[in-house]
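Novice: Below you will find the structure I want to go over with you.
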Amino acid sequence: MTPDMRGQEIPEAGKEALKESVRGYWNQQACGTDAADSDKFSRDYFDEIEAYRYEAEPYIHSFAQFSRYHGKKVLEVGMGAGTDFLQWVRAGAEAHGIDLTQESIDHVQQRLAVYGFEAAQAQVGDAEHIPYPDDTFDLVYSWGVIHHSPSTVRALEELVRVTKPGGEIKAMVYNRRSLHTFYRWGRYALLRGKPWMSFAEVLYHHMESEGTKGYTLAEVEAMLQALPLEDIRCAATVNRHDLLYNKPWPARAAARLLASLFGHDRCGFFLTFSARKRT
Ligand SMILES: C[S@@+](CC[C@H](N)C(=O)[O-])C[C@H]1O[C@@H](n2cnc3c(N)ncnc32)[C@H](O)[C@@H]1O
């Protein structure tokens, strides 16, 4: 099995159809916007999305380190509702962004306008064919995106291609060997009488858009080592879904016990990695 797993097995024509279904899924609702009750595109709407995101995922700040990129050329791939993208702009980076969907671009443009900012450029674009020349960015950032693209390896190659020599890449993909994947397997395989379904299949069919992949730490390291990168760092992070934050306390206690048995962060659903492009 290649690191790209199921995504590698489908023919090119199948990949385009799958990508259209990914686009259709995220065009219906931009990621993370279900946290907001206020009128779409109002200031309250964007404030609620932002408050929810960094309460739920506080580690994004220490991973991204937005304020370190003042004056730097940053590309975000897969902006979704643009919550992280706004942080690049606020930090004074020259922020460029792409997303597969017009819904994301509408969010980003409305959002920046609400707070009185402008992006250098935010456009519909595909991670597998990034519309920028080689060696353009000081940082290429992508949180929770390339595992949705039919060829994750191709997307990763593109992130590296547009990074300047000496520039950085920071990204997050889903960890297949995580508690969150295990719970999904319980729900969509075991409880449906299909315990033979693999964790990969469960993520493929039952994690957000169709075709989502999950990787192990070793698989991500192997993918990164095949590229012209150095200072490679990969780590998993337990998130609140791994810890069943919204379930009754016995379930939360059981989740904490499972996490401590399986190495805590090692069995977290968010697998982050950073690397530097070789000069
Ligand atoms: C889980 S959301 C994450 C959005 C944002 N990064 C966040 O953390 O909220 C996935 C996003 O990736 C985008 N996406 C999926 N495949 C893509 C591709 N091939 N190229 C660019 N964006 C893609 C989707 O449109 C969606 O906005």
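Novice: Looking at Y69, is it within 30 Å of D135 (Cα to Cα), touching a helix residue (DSSP H, G or I) at 6+ places or on another chain (Cβ under 7 Å), more than 10 Å from the ligand (Cβ to nearest atom) and not β-branched (V, I, T)?
Specialist: Criteria met by Y69.
Novice: Consider G268 carefully, then state whether it is buried (at least 21 other Cβ atoms within 10 Å of the Cβ) and among the small types (G, A, S). Outline the logic, then answer.
Specialist: Working: buried (at least 21 other Cβ atoms within 10 Å of the Cβ): yes; among the small types (G, A, S): yes.
It is true that G268 is buried (at least 21 other Cβ atoms within 10 Å of the Cβ) and among the small types (G, A, S).
Novice: Being at positive phi, at pLDDT 95 or above, touching a strand residue (DSSP E or B) at 6+ places or on another chain (Cβ under 6 Å) and within 15 Å of the ligand (Cβ to nearest atom) is true for just one of G80, G144, G97. Which residue is that?
Specialist: G144
Novice: Right, next: Restricting to segment 196-216, what's the tally of residues that are in contact with a helix residue (DSSP H, G or I) (Cβ under 8 Å, 6 or more places away or on another chain), of a type in the set (G, A, S) and either on the phi > 0 side of the Ramachandran plot or without any contact (Cβ under 8 Å) to a residue 40 or more places away in the chain (or both)?
Specialist: 1
Novice: Being over 20 Å from Y25 (Cβ atoms) and part of a loop (DSSP other than H, G, I, E, B) is true for just one of A119, A113. Which residue is that?
Specialist: A119
Novice: For segment 197-207, enumerate the residues that are more than 13 Å from L18 (Cα to Cα) and either more than 15 Å from the chain's Cα centre (by Cα) or in a loop (DSSP other than H, G, I, E, B) (or both).
Specialist: Taking segment 197-207 first, the residues more than 13 Å from L18 (Cα to Cα) are 197-203, 206-207.
The answer is M197, S198, F199, A200, E201, V202, H206, M207.
Novice: V202 fails exactly one of the following numbered conditions: (1) within 30 Å of D134 (Cβ to Cβ); (2) surrounded by 16 or more Cβ atoms within 10 Å (Cβ to Cβ); (3) not basic (K, R). What is the number of that condition?
Specialist: The failed condition is (1).
Novice: Can you tell me which condition G193 does not meet? The list is (1) over 22 Å from A218 (Cα atoms); (2) outside any strand (DSSP E or B); (3) in contact (Cβ under 8 Å) with a residue 12 or more places away in the chain; (4) not charged (D, E, K, R), and all the others hold.
Specialist: (3)
Novice: List the pairs whose first member sits in segment 52-74 and is in contact (Cβ under 8 Å) with a residue 24 or more places away in the chain and of a type in the set (S, T, N, Q), whose second member is in a loop (DSSP other than H, G, I, E, B) and surrounded by fewer than 20 Cβ atoms within 10 Å (Cβ to Cβ), and whose Cβ atoms are under 7 Å apart, counting only residues at least 6 apart or on separate chains?
Specialist: From residues that are in contact (Cβ under 8 Å) with a residue 24 or more places away in the chain and of a type in the set (S, T, N, Q), the pairs are S67/A91.
Novice: Continuing with the same structure: May I ask you to say which residue of R240, R233, R177 is of a type outside the set (V, I, T), buried (at least 18 other Cβ atoms within 10 Å of the Cβ) and either assigned to a loop (DSSP other than H, G, I, E, B) or at pLDDT 95 or above (or both)?
Specialist: Criteria check complete, one pass: R177.
Novice: Tally time: how many residues in segment 145-173 are more than 18 Å from Y132 (Cβ to Cβ), buried (at least 21 other Cβ atoms within 10 Å of the Cβ) and not polar (S, T, N, Q)?
Specialist: 5
Novice: Look through G24, G14 and report the one residue that is within 11 Å of the ligand (Cβ to nearest atom) and out of contact with any strand residue (DSSP E or B) (no Cβ under 7 Å at 6 or more places or on another chain). So that I can check it myself, show each step before the final result.
Specialist: Values: G14 fails: within 11 Å of the ligand (Cβ to nearest atom).
None of the others qualify; the one that does is G24.
Novice: State yes or no: is V153 within 16 Å of the ligand (Cβ to nearest atom), at pLDDT 95 or above and not in a loop (DSSP other than H, G, I, E, B)?
Specialist: Considered against the rule, which asks whether it is within 16 Å of the ligand (Cβ to nearest atom), at pLDDT 95 or above and not in a loop (DSSP other than H, G, I, E, B), V153 comes out as no.
Novice: Within segment 208-230, how many residues are under 20 Å from A259 (Cα atoms) and in a helix (DSSP H, G or I)? Give the steps one after another, and end with the answer.
Specialist: Pass one, segment 208-230, residues under 20 Å from A259 (Cα atoms): 214-218.
With in a helix (DSSP H, G or I) added as a condition, the list becomes 217-218.
Matching residues across segment 208-230 total 2.
Novice: Name the single residue that is farthest from the ligand (Cβ to nearest atom) among those in segment 128-141 being more than 18 Å from G214 (Cα to Cα) and part of a loop (DSSP other than H, G, I, E, B). Working first, answer last.
Specialist: Start the filter on segment 128-141 by keeping residues that are more than 18 Å from G214 (Cα to Cα), which leaves 129-141.
Keeping just the survivors that are part of a loop (DSSP other than H, G, I, E, B) gives 130-136.
On the way: I130: 8, P131: 11, Y132: 13, P133: 18, D134: 18, D135: 20, T136: 16 Å.
Among those residues, the one meeting the criterion is D135.
Novice: Of all residues in segment 28-53, which are loosely packed, with under 15 Cβ neighbours inside 10 Å, under 19 Å from the mean Cα position of the chain (by Cα) and not in a loop (DSSP other than H, G, I, E, B)?
Specialist: Q28, D34, A51
The values are calculated or read from the model by the stated rules, or taken from the named source; none is laboratory data. Remember, it's a predicted structure, so these values are computed and weren't measured experimentally. Heads up, the Cβs are rebuilt from the backbone with ideal geometry, glycines too, and the neighbour counts pull from every protein chain shown.
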